[in-house]
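Notes for the one structure printed next.
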Amino acid sequence: MFVYNNDITRTEGWGVPVTFDYVLLYPFRRVQFYGTVMLTPMFSKTEQEKSQLRDGVTTISYSAKTSGINTYLTAGFGLGYSISKRFDAYANYHLISRNFNRDLRPRDEYPYPGSLFVGLNYRLKAKPE
């Protein structure tokens, strides 16, 4: 007898991060050191289904759909480097990550060192010299 168990979970989410950076040091003309805080409301929906195929007959044992809004707060520090009038490179290290829906407890139950973000920004209007 052939038995096939199937467990499918699909999650889609949309988030809009709002970031606040405060320059702490501007040691060189192109380099800046700053503190950063990011508030991110996330809307997500999840669909889950468990089924079993036995002798050509599929039996769905569990099916659910859910959706909700979570809000995350992260904070840390960053380093920015001005490459040109239009391009900036940055690296942010977020030490704090909290979820408002969990009474601002850590996002994950296990301790972790943080999150590193590295990127490149492009300005539509060039910086004045």
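We did not get these values from a lab; they are worked out from the coordinates using the rules stated. This one's a predicted model, so the numbers in the text were calculated from it and none came from an experiment. FYI the Cβ positions are ideal-geometry reconstructions off the backbone, even for glycines, and counts take in every protein chain you see.
Summarising the label geometry, the points placed 7 Å from Cα in the beta-carbon direction at E12 and D55 lie 3.9 nm from one another.
Relative to the present Cα-Cα distance, how much length would full extension add between F87 and F33 at 0.36 nm per residue of separation?
Full extension from F87 to F33 adds 17.8 nm.
Applied to the stretch 29-45, the Karplus parametrisation 6.51 cos²θ - 1.76 cosθ + 1.60 on θ = phi - 60° returns per-residue 3J(HN,Hα) values of 4, 9, 10, 9, 10, 9, x, 9, 10, 10, 10, 10, x, 10, 9, 9, 9 Hz, with x for Gly and Pro.
Ratio of Rg to Rh for the stretch 1-74: 1.40 [Cα atoms; Kirkwood radius as inverse mean 1/r over pairs]. Take the Cα of N101, go 7 Å toward its beta carbon, and the backbone nitrogen atoms of the stretch 48-80 under 11 Å from that spot belong to 66-72.
Computed from backbone phi with θ = phi - 60° and the Karplus coefficients 6.51, -1.76 and 1.60, the 3J(HN,Hα) list for the stretch 67-80 is 8, x, 10, 10, 10, 10, 10, 10, 8, x, 9, x, 10, x Hz; x is used for glycine and proline. Labels on offer are (i) 118; (ii) 177; (iii) 89, and the one holding volume of the Cα convex hull per residue in Å³ computed from this structure is (ii).
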